[in-house]
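Presented below is the structure to which this report refers.
The values are calculated or read from the model by the stated rules, or taken from the named source; none is laboratory data. The structure displayed is predicted, hence computed values, not measured ones. A quick note on method: Cβ atoms are made from the backbone with ideal geometry, for glycine too, and the neighbour counts reach across all protein chains shown.
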Amino acid sequence: MSAFDNFPLGQPAFVTNVLDRAAHLRTSEEKLFALESRGDARAYVIYRDSLVVKQGETGPRALLSIEEALKFGANPGMVFLGLRDGAPVFGMGIAPQAAEKLVGRSDVAVTELRGMAMQGTVPPDQLSAIAMAKSMVTWHQRHGFCANCGARTAMKEGGWKRECPSCKAEHFPRTDPVVIMLVTHGDRCLLGRQKQFPPGMYSCLAGFVEAAETIEDAVRREIFEESGIHCTEVNYYMTQPWPYPSSLMIGCTARATNEEIIVDRTELEDARWFDRAEATLMLKRQHPDGLAGPHPFAIAHHLVGRWLHGRDVAGA
Ligand SMILES: [Zn+2]
């Protein structure tokens, strides 16, 4: 299967969620304990940007039994992600010392998630649950202390809340909204590249939504700041959860009202207009100068692809 088959137009990574979040089960310690103890309970074990996978004859297996996860050294604190076909699924973290002990073993691997997803070694229908596990495990690792009084907080409600025993403040997992947009001018689209992109790769411009800002204003502000282009007709297309660590990419389109690009070199290495023929070759990785568009894994690919196809493919 190619990346185009794994992520057909309108379906980037992390959007196909097959889990029932079953939020009603989170509030009962008794029910959660019963779920953890079930023989069919499974877990994704997250280590930084990687996943601990069991190596089998048919390839890597991302969902581990709780027994396997604990044997590999995962932390016992579990986040209840939901039910898959009725079976409970959890997210677990693992300490660096335990993860390092797994290196070099033949039955287990610690593998970078993005690479696995791009290559299709993790089935696309599991990526959303893994994204959930990754965001939640990372949040718990970074929020062990109360932001209000500094006391150590405790995990509650299957991991969907942390509570401070000292000042009683409640802390909830965060999601950071990011706008990502395809700006067009006539028959051309605006793409830029950041220094850390692979050589020749261009993508849609993007940036965090700021406090008390609308999505439309964020699109117009980010585009102007990074490229000097003014925009109008901002429209929403689709969203993509992006677990690095917990963003929600809000895919939009907009129409430029001026042409002259002034690149903000602190943000971008370059930004240019590309016509449809060039953008098509870039998405297919057939551009004669070696230029490339975003991978089908990412929402940016789908924003460009939708524009090239000239139709709304959301949900197609
Ligand atoms: Zn507190």
**Item:** Selection from the stretch 148-196 of residues that are in contact (Cβ under 8 Å) with a residue 24 or more places away in the chain, in contact with a Cys (Cβ under 9 Å, 6 or more places away or on another chain) and aliphatic (A, V, I, L, M)
**Value:** VAL179, ILE180, MET181, LEU182, VAL183, LEU190, LEU191
**Message:** Quick check on LEU83: is it farther than 21 Å from TYR244 by Cβ, surrounded by fewer than 19 Cβ atoms within 10 Å (Cβ to Cβ) and out of contact with any Lys or Arg (no Cβ under 6 Å at 6 or more places or on another chain)?
**Reply:** yes
**Request:** Considering only the stretch 240-261, state which residues are among the β-branched types (Val, Ile, Thr) and surrounded by fewer than 19 Cβ atoms within 10 Å (Cβ to Cβ).
**Result:** THR257, ILE261
**Asked** When you look at ARG105, is it in a helix (DSSP H, G or I) and surrounded by fewer than 23 Cβ atoms within 10 Å (Cβ to Cβ), yes or no?
**Response** no
**Item:** Condition broken by THR153, with the remaining ones in (1) within 16 Å of the ligand (Cβ to nearest atom); (2) surrounded by fewer than 19 Cβ atoms within 10 Å (Cβ to Cβ) satisfied
**Value:** (2)
**Prompt:** Is there a residue in the stretch 171-178 that is within 24 Å of ALA22 (Cα to Cα), within 16 Å of the ligand (Cβ to nearest atom) and part of a strand (DSSP E or B)?
**Reply:** yes
**Prompt:** List pairs: first in the stretch 207-220 and under 18 Å from GLU233 (Cα atoms), second part of a loop (DSSP other than H, G, I, E, B) and of a type outside the set (Phe, Trp, Tyr), Cβ under 7 Å, 6+ apart or cross-chain?
**Reply:** ILE215/VAL209; ALA218/VAL209; ALA218/GLU210
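Could you please find all residues in the stretch 287-316 being farther than 26 Å from VAL122 by Cα and either of a type in the set (A, V, I, L, M, F, W, C) or modelled with pLDDT of 95 or more (or both)?
So in the stretch 287-316, the residues farther than 26 Å from VAL122 by Cα come out as 287-291, 307-312.
The answer is HIS287, PRO288, ASP289, GLY290, LEU291, TRP307, LEU308.
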